[in-house]
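Chemist: Mind having a look at this structure? Questions to follow.
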Amino acid sequence: MGFSFIGTLIGILIVLPSILFFVKFPPKNIPANLTNAGVIYTILERVGQMCQFSIIILFYVFI
């Protein structure tokens, strides 16, 4: 266990297309009746995302 530069690079490469697409093509025509998912679901989703990237960064193993 330890910090992995390759794992960090993989995490950045996974997120990069989404960030570029969001910056280049912002959302349009969002439905007016769209509701919030709720605080609990949002927190659980963010915790899951952080755990996934932490696993990639900390536990990268060469196969």
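The values are calculated or read from the model by the stated rules, or taken from the named source; none is laboratory data. Not measured: the values here are computed from a predicted model. In case anyone asks, the SASA skips ligands and DNA or RNA and just uses the protein heavy atoms, side chains included. Shrake-Rupley method; radii C 1.70, N 1.55, O 1.52, S 1.80 Å.
Chemist: When the accessible area of the chain is split by element with a 1.4 Å probe, what percent falls to carbon and sulfur? Don't skip to the answer; put the middle values down first.
Modeler: Working: 4370 of 5890 Å².
Its accessible area is 74 percent carbon and sulfur atoms.
Chemist: For the chain, what relative contact order do you get, as a whole percent, if you take Cα pairs closer than 8 Å and at least 6 residues apart? Please list the in-between numbers first.
Modeler: Numbers: 25 pairs, mean separation 52.0, N = 63.
The value is 82 percent.
Chemist: Run the helix sum for the chain: -39,500 (n - 2.57) per DSSP H stretch of 4+ residues, divided by residue count, reported at 222 nm to the nearest 500 deg cm²/dmol. Could you put the intermediate results ahead of the total?
Modeler: Working: 2 runs with 40 residues, N = 63.
That comes out to -22000 deg cm²/dmol.
Chemist: In what sequence, largest accessible area first, do Leu58, Leu34 appear using a 1.4 Å probe? Can you show the working numbers first?
Modeler: Values: Leu58 70, Leu34 120 Å².
Putting Leu58, Leu34 in descending order of accessible area: Leu34, Leu58.
Chemist: When N counts the residues of the chain, how does its alpha-carbon radius of gyration compare numerically with 2.2 N^0.38 Å, as a ratio? Show your work: numbers first, answer last.
Modeler: Working: Rg = 15.8 Å, N = 63, 2.2 N^0.38 = 10.6 Å.
For the chain, the normalised Cα radius of gyration comes out at 1.49.
Chemist: Can you tell me the accessible area per residue over the chain, all protein chains present, probe 1.4 angstrom, in square angstrom?
Modeler: On the way: 5890 Å² over 63 residues.
About 93 Å² of surface per residue is accessible.
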